[in-house]
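The values are calculated or read from the model by the stated rules, or taken from the named source; none is laboratory data. This is a predicted model, so every value here is computed, not measured. All Cβ positions, even for glycine, are placed from backbone atoms using ideal geometry, and neighbour counts span all protein chains on display. Heavy atoms of the whole protein, side chains included, go into the accessibility calculation; ligands, DNA and RNA do not. Shrake-Rupley method; radii C 1.70, N 1.55, O 1.52, S 1.80 Å.
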Amino acid sequence: MPRTRAASPALARPAETEAEDAGTADRILDAAEALFAERGFHAVAVREITSAADVNGAAIFYHFGRKEDLLAAVLERRAAPLAAERRRRLDALLDGPAAALTLEALIEAYLAPGLTIGFGSSEARIRFGRLRGRITADSGDARVQEILRRHYREPGRRFLEGVARLLPDLAPQDLQWRYHVMIGTLIHLLGKPGRVQAVADDPPDSTYDPSDMETAQRVLVPLLAAVFRAPPTLADATAPSRRPRRNDKKDSPS
């Protein structure tokens with residue numbers, strides 16, 4: 001997000017100038033997001049961003065600082081409201097009436113902010129999905145990783161808490177693998193729309209529309225619920241290798 005500057009009343013800037021600054025910052029964020037998503041952070045030069053945003057060469061430093069600061073601002077702009085909405089929805093389920101807590105409701109609470117609520121446009125959603133996939137794969141920047149942890153860890157923890165409550169027979173490893181499948185599906189859907197269409201032999205009007213996020217949510221919720229409800233596959237990973245003996249006091253019920 002743009003850096004804030006304290007100003008004395010005598011040096012207060014006109015509202016028109018502040019609005020112009022905000023518009024410039026938004027153009028830079030949009031241009032950087034699109035270029036980083038398309039080619040990756042390291043492959044994009046600052047001059048390419050200023051050219052795409054139609055701003056002068058010093059604008060990025062003036063509004064954000066270094067190129068790394070700009071990447072952090074791009075991530076914060078999307079990830080912060082997305083995570084806040086996920087937390088709000090998950091908290092409402094986990095702290096609300098027990099009857100409202102279902103696996104489908106939990107999955108929808110996690111998916112909906114990224115699929116059908118935030119971003120303002122399908123183009124912005126796709127750009128951020130692609131950027132998120134690239135950042136996950138190739139960013140070693142400590143601050144970027146901290147941003148991702150800060151915004152994604154707590155919603156993920158709350159989601160897993162809810163699933164563990166509903167499916168207590170799942171071993172932690174099983175639960176984590178299934179969560180991994182859900183996140184991978186979400187990132188792939190947002191970042192690679194049209195991948196299956198591109199290899200399908202069917203005519204375009206008979207294939208699914210990966211940009212239709214409302215349909216995607218309607219399809220994915222029951223599919224992912226089935227993934228989580230599948231029989232345990234790693235239930236024996238941490239179980240004792242022998243059956244308890246009758247004189248094993250530690251294994252006997254208390």
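So the values come out like this:
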{"item": "Residues of the stretch 39-67 that turn out to be over 20 Å from residue 21 (Cα atoms) and out of contact with any Lys or Arg (no Cβ under 7 Å at 6 or more places or on another chain), as a count", "result": "6"}
{"item": "Test set (1) within 18 Å of residue 127 (Cβ to Cβ); (2) modelled with pLDDT of 90 or more - residue 97 fails condition number", "result": "(1)"}
{"item": "The stretch 146-190: number of residues that are open to solvent by 50 Å² or more (accessible area, probe 1.4 Å) and not aliphatic (A, V, I, L, M)", "result": "16"}
{"item": "Given (1) under 18 Å from the mean Cα position of the chain (by Cα); (2) surrounded by fewer than 16 Cβ atoms within 10 Å (Cβ to Cβ); (3) more than 27 Å from residue 211 (Cα to Cα), number of the condition residue 97 does not satisfy", "result": "(1)"}
{"item": "Residue within the stretch 150-169 that is assigned to a helix (DSSP H, G or I), among the aromatic types (Phe, Trp, Tyr) and under 12 Å from residue 75 (Cα atoms) present", "result": "yes"}
{"item": "Which numbered condition residue 103 misses (of (1) open to solvent by 60 Å² or more (accessible area, probe 1.4 Å); (2) more than 22 Å from residue 27 (Cα to Cα); (3) at pLDDT 95 or above)", "result": "(1)"}
{"item": "Subset of the stretch 109-118 [touching a Leu at 6+ places or on another chain (Cβ under 9 Å) and open to solvent by 40 Å² or more (accessible area, probe 1.4 Å)]", "result": "117"}
{"item": "Unique match (being within 30 Å of residue 110 (Cα to Cα) and basic (Lys, Arg)) among 86, 66", "result": "86"}
{"item": "Residue count, the stretch 133-145 (criterion: open to solvent by 40 Å² or more (accessible area, probe 1.4 Å) and at pLDDT 75 or above)", "result": "3"}
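Yes/no matrix, rows are residues, columns are (1) open to solvent by 20 Å² or more (accessible area, probe 1.4 Å); (2) touching a Leu at 6+ places or on another chain (Cβ under 8 Å); (3) on the phi > 0 side of the Ramachandran plot:
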| site | (1), (2), (3) |
| --- | --- |
| 27 | yes, no, no |
| 31 | no, no, no |
| 50 | no, no, no |
| 77 | yes, yes, no |
| 81 | yes, no, no |
